[in-house]
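These notes concern the structure reproduced below.
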């Protein structure tokens, strides 16, 4: 599961950094897993994230969220940090333990000059199945003064759908 989330993150970040036209990638989801995508403008605290859940019959860990790829957890981080924060937790739901991986994208800002910010924005599309997840490039825009450091914020939209 962690490897799947790492591959998905690599595909999203790679697309955000290098695509300038039509780009898409498809990954086969793990049997029995469930994916939910929260839009960047969703009022839920899980906004701008991909959540993967998988039920098991045994306890692996506690119900506290544990970061797996960084110790810098803020929603604004220094440029050079990971774009997405990958966390894992496990909770008892009925008779099964549900393992939840969350990959939440955040803003990365330069610390010096020029002041700039960068953010991957997730846009869920048709969430019709649980067999494959497709990501596609949705464009790039610049918001003058939109970064937390006061500089321009460059956003790259990544569209996500499940089939």
Failed condition for residue 56, given (1) at pLDDT below 95; (2) touching a strand residue (DSSP E or B) at 6+ places or on another chain (Cβ under 8 Å); (3) within 17 Å of residue 160 (Cα to Cα), with all others met?
(3)
Does residue 12 meet the test of being surrounded by 17 or more Cβ atoms within 10 Å (Cβ to Cβ) and outside any strand (DSSP E or B)?
yes
Quick check on this structure: which one of 88, 5, 29 is touching a helix residue (DSSP H, G or I) at 6+ places or on another chain (Cβ under 9 Å) and either surrounded by fewer than 17 Cβ atoms within 10 Å (Cβ to Cβ) or within 16 Å of residue 160 (Cβ to Cβ) (or both)?
29
Could you identify the single residue in 47, 83 that is over 16 Å from residue 4 (Cα atoms), touching a helix residue (DSSP H, G or I) at 6+ places or on another chain (Cβ under 7 Å) and either modelled with pLDDT of 95 or more or surrounded by 18 or more Cβ atoms within 10 Å (Cβ to Cβ) (or both)?
83
In the stretch 99-117, what residues are under 22 Å from residue 156 (Cα atoms) and assigned to a strand (DSSP E or B)?
102, 103, 104, 105, 107, 108, 109, 117
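The values are calculated or read from the model by the stated rules, or taken from the named source; none is laboratory data. Nothing here was measured: the structure is a model prediction, and the numbers come from that model. Cβ atoms come from the backbone with ideal geometry, glycine included; neighbour counts cover every protein chain shown.
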